[in-house]
Amino acid sequence: MKHFTTIKEISTYLKPGQKQGLEIGFVPTMGALHEGHLTLIRRSKAENDLTICSIFVNPIQFNNKEDLEKYPRNLVRDAKILEELGCDVLFSPESGEIYPDGHTEPLDLEFGMLDKVMEGKFRPGHFRGVAIVVKKLFDIVYPSRAYFGKKDFQQLAIIRYLVQTLKIPVQIIACETVREDDGLAMSSRNMRLTIAERQIAPIIYQVLCKAKEKVGKLPVWELKEWAIKKIQTNPEMRVEYFEIGDRESLLPLENWSHKNRAVAFTAVFLGDVRLIDNIELFS
Ligand code: PAF
């Protein structure tokens with residue numbers, strides 16, 4: 001596996017392949033790799049000539065300094081995992097490489113309501129930070145396909161919108177959320193849970209699954225209240241939001257008249273770790 005840390009190095013390496021028309025699969029990550037990431041890498045390897053993984057803890061998508069500081073980092077371990085998996089290229093730039101002199105070019109793009117609801121409401125600026133870095137990475141890698149997990153459903157909607165609006169020639173591939181055996185969605189943040197917190201964390205997905213069974217049987221508002229109460233019967237858990245939204249616009253649904261487009265989304269604090277998850281209610 002080739003490992004580059006500068007734009008110049010990776011661009012020089014990729015140029016001949018790009019000219020030949022090689023299909024490049026790209027998996028952007030912030031490291032602390034888990035099975036969810038590895039599934040994306042495997043899929044990219046199966047569908048492309050060359051697979052590139054980036055590891056960059058993007059400072060401008062953290063609206064909370066402590067969250068940025070506590071984000072798990074272990075490049076040596078991650079590089080070893082990627083090497084064993086047969087990833088072709090790892091790109092792990094320092095912050096100054098992506099934002100020279102700390103300078104962030106503004107992104108002349110409005111996301112409408114996509115970055116105002118749910119994660120956008122509670123993490124202002126987060127999606128603009130994601131969009132800026134993803135665009136920068138696409139401009140370096142020029143991938144044919146880029147792979148993202150559905151666990152970050154709203155991020156996926158933002159990236160699809162970015163690509164469509166700016167006409168970036170890349171296919172966005174959405175991959176199913178990978179879960180632990182007990183249902184907990186895999187996330188780099190899970191590493192920060194205490195043993196006791198880890199034991200109760202699967203409740204989030206259990207409630208999402210039960211909510212799916214209740215679609216159409218309770219009014220939307222009552223289902224949301226039920227879910228919040230159910231999660232918060234555990235005193236260690238605090239629900240930041242539990243929302244039922246449209247799978248494309250992400251706007252909250254008031255009733256079940258479009259239930260075939262409904263997705264339930266939640267963000268829950270377990271101690272000081274914030275976990276998000278979602279379930280498609282229409283499948
Ligand atoms: O999902 C992530 O890990 C990040 O938001 C991404 C897409 C790598 C951008 O920093």
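Observations on the model:
- Percent RCO, i.e. relative contact order, over the chain, from Cα pairs under 8 Å lying at least 6 residues apart: 17
- Dipole magnitude of region 140-283, debye to nearest 20 (Cβ charges: Lys/Arg +1, Asp/Glu -1, about Cα centre): 260
- Translational diffusion of region 240-283, µm² s⁻¹ [Kirkwood Rh, Cα pairs; Stokes-Einstein; 20 °C; 1.002 mPa s]: 196
- Amide H contacts for GLU240 (H built 1.01 Å from N in the peptide plane; partners 5 or more residues away or on another chain; cut-off under 5 Å): ALA267, VAL268, PHE269.
- Across the alpha-carbon set of region 133-283, the Rg to Rh ratio works out to 1.01, Rh being the Kirkwood radius.
- √(5λ) per eigenvalue of the Cα gyration tensor, region 2-78, largest first, Å: 26, 16, 10
- In this structure the amide hydrogen of ASN74, modeled in the peptide plane, comes within under 5 Å of the amide hydrogens of ALA32, none closer than 5 places in sequence on its chain.
- Region 111-208 - Kirkwood radius from inverse mean 1/r over Cα pairs (Å): 15.2
- Degrees between helix 75-85 axis and first principal axis of the chain (Cα, 0 to 90, nearest 10): 80
- Extension gain from LEU75 to ASP49, taking 0.36 nm per residue of separation minus the Cα-Cα distance: 6.9 nm
- Carbon + sulfur, % of accessible area of the chain - ligands and nucleic acids excluded, 1.4 Å: 52
- The residues of region 1-95 expose, per residue, 50 Å² of accessible area to a 1.4 Å probe.
- Radius of gyration, Dmax [the chain; alpha carbons; angstrom]: 19.2, 58
- Rounded to the nearest 500, the 222 nm mean residue ellipticity of the chain from helices alone is -11500 deg cm²/dmol, with -39,500 (n - 2.57) taken per DSSP H run of at least 4 residues.
- Accessible surface for region 213-269, divided over its residues, is 55 Å² per residue with a 1.4 Å probe.
- Under Karplus coefficients 6.51, -1.76 and 1.60, residue-wise ³J(HN,Hα) of region 164-172 in Hz, glycine/proline x: 5, 5, 8, 6, 7, x, 9, 8, 8
- Normalised convex hull volume, region 46-145, alpha-carbon set, Å³ per residue: 135
- Here's how it looks for ARG179: its modeled amide H is under 5 Å from those of MET186, which are all 5 or more places away or on a different chain.
The values are calculated or read from the model by the stated rules, or taken from the named source; none is laboratory data. These numbers were taken from a predicted model, which means no experiment stands behind them. For neighbour counting, all protein chains shown are included, and Cβ atoms are generated from backbone atoms with ideal geometry for every residue, glycine included. Protein only, heavy atoms only, side chains kept; ligands, DNA and RNA dropped before computing areas. Shrake-Rupley method; radii C 1.70, N 1.55, O 1.52, S 1.80 Å.
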